[in-house]
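To keep things clear, I will list the structure first and then write my remarks on it.
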Amino acid sequence: KRGILIRKGEAIQTMKEVKIIVFDKTGTITKGKPEVIDIKTFNKTSEKELLLISASLEKLSEHPIAKAIVNKANLKTYKKVTGFKILRGRGLEGKIGKDSIVIGNQTLMKEKKIDFSKTKKVIEQFEDEGKTTMIVVENKMVLGAIAVADSLKEDSKEAIFLLNKKGYRTVMITGDNERTAKAIAKQVGIKEIIANVLPEDKAKKVEELQKRSFVAFVGDGINDAPALKQSNVGIAMGTGTDIAIESGDIVLARGSLIGALQAIN
Ligand code: ADP
Ligand code: MG
């Protein structure tokens, strides 16, 4: 009746031993449908130009952030992009004519040796507000920063409050940066975060926590599947990707965190 599917009976027994519950951020705690909220341009770039360049590359990506940027740009025609590459968990790159474009997070900027010191203050402010900020670069020069926000699911806060109250150690894991992660965690009442995690490393982080106790993992994405398998009890959002659902011991059809609490109870 509550939309809780227990796929493995073993999960019922194992759950008793679980002390740590790890939550994926995007699509699990938050709705997973980010929207562009703030734009800041640098080096005489216009907002229109910034969005045209960004959307032309992001149009080639399936990431929710990409969709947010393309929606915001709201264009009929795009620039032709060559040499397009997705840089998993960091951003993307490609060429428009002779110009090399890089769009992504600070990790990517450091990796590409791009000086983004001028933008740092703006970015930190956005991140402290819980927004994920992408830096847009053309030929090593910063054109601007685009901040997206992803709202919390309605009952995330209540569910985490009640799980904390029951004595579970709640942890949030994300590919997003530390500041944004902290801001979101604070909004829902999670004290512990693991940020800047590359998609392939989520399972490894779960394994590290398992050295201390049994771990339940709650997630929805393709990149959560290995962590759902690695954890002692994998709880998948029924609204998530097929591969996550297949990897879960428990599936929450309604895709809300109150379901996780009910399943545990
Ligand atoms: P999440 O845990 O939110 O699913 P991902 O591993 O998918 O995180 O992405 C981590 C970070 O990489 C994002 O927060 C963003 O900064 C950057 N990123 C990912 N995809 C894109 C994209 N299409 N354009 C720009 N930046 C991106
Ligand atoms: Mg997710």
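Among the residues of region 192-211, are any at pLDDT below 95 and over 14 Å from the mean Cα position of the chain (by Cα)? No, there is no match, as no residue in region 192-211 is at pLDDT below 95 and over 14 Å from the mean Cα position of the chain (by Cα).
Regarding Lys113, is this residue more than 16 Å from ligand 2 (Cβ to nearest atom), modelled with pLDDT of 95 or more, open to solvent by 30 Å² or more (accessible area, probe 1.4 Å) and not aromatic (Phe, Trp, Tyr)? Spelling it out, Lys113 is indeed more than 16 Å from ligand 2 (Cβ to nearest atom), modelled with pLDDT of 95 or more, open to solvent by 30 Å² or more (accessible area, probe 1.4 Å) and not aromatic (Phe, Trp, Tyr). Of all residues in region 226-249, those that are crowded, with 24+ Cβ neighbours inside 10 Å and at pLDDT below 95 total 2. Look at (1) open to solvent by 60 Å² or more (accessible area, probe 1.4 Å); (2) assigned to a strand (DSSP E or B); (3) of a type in the set (Val, Ile, Thr); (4) more than 16 Å from ligand 1 (Cβ to nearest atom) and you find that Ile12 fails only one, number (2). Looking across region 208-225 at every residue that is open to solvent by 30 Å² or more (accessible area, probe 1.4 Å), touching a helix residue (DSSP H, G or I) at 6+ places or on another chain (Cβ under 9 Å) and without any contact (Cβ under 8 Å) to a residue 40 or more places away in the chain, the one that is nearest to ligand 1 (Cβ to nearest atom) is identified as Ile222. Restricted to region 82-110, and to residues that are touching a residue at least 40 places away in the same chain (Cβ under 8 Å) and among the β-branched types (Val, Ile, Thr), which residue is surrounded by the fewest Cβ atoms within 10 Å (Cβ to Cβ)? Per the stated criteria, the residue is Thr107. One residue stands out among those in region 123-136 that are outside any loop (DSSP other than H, G, I, E, B) and within 11 Å of ligand 1 (Cβ to nearest atom): the one that is surrounded by the fewest Cβ atoms within 10 Å (Cβ to Cβ), which is Glu127.
The values are calculated or read from the model by the stated rules, or taken from the named source; none is laboratory data. Values in this document were obtained by computation on a predicted structure and should not be read as measured data. Positions of Cβ are generated from backbone atoms using ideal geometry, with glycine treated the same way; all protein chains shown enter the neighbour counts. Surface accessibility is based on the protein's heavy atoms, side chains included, excluding ligands, DNA and RNA. Shrake-Rupley method; radii C 1.70, N 1.55, O 1.52, S 1.80 Å.
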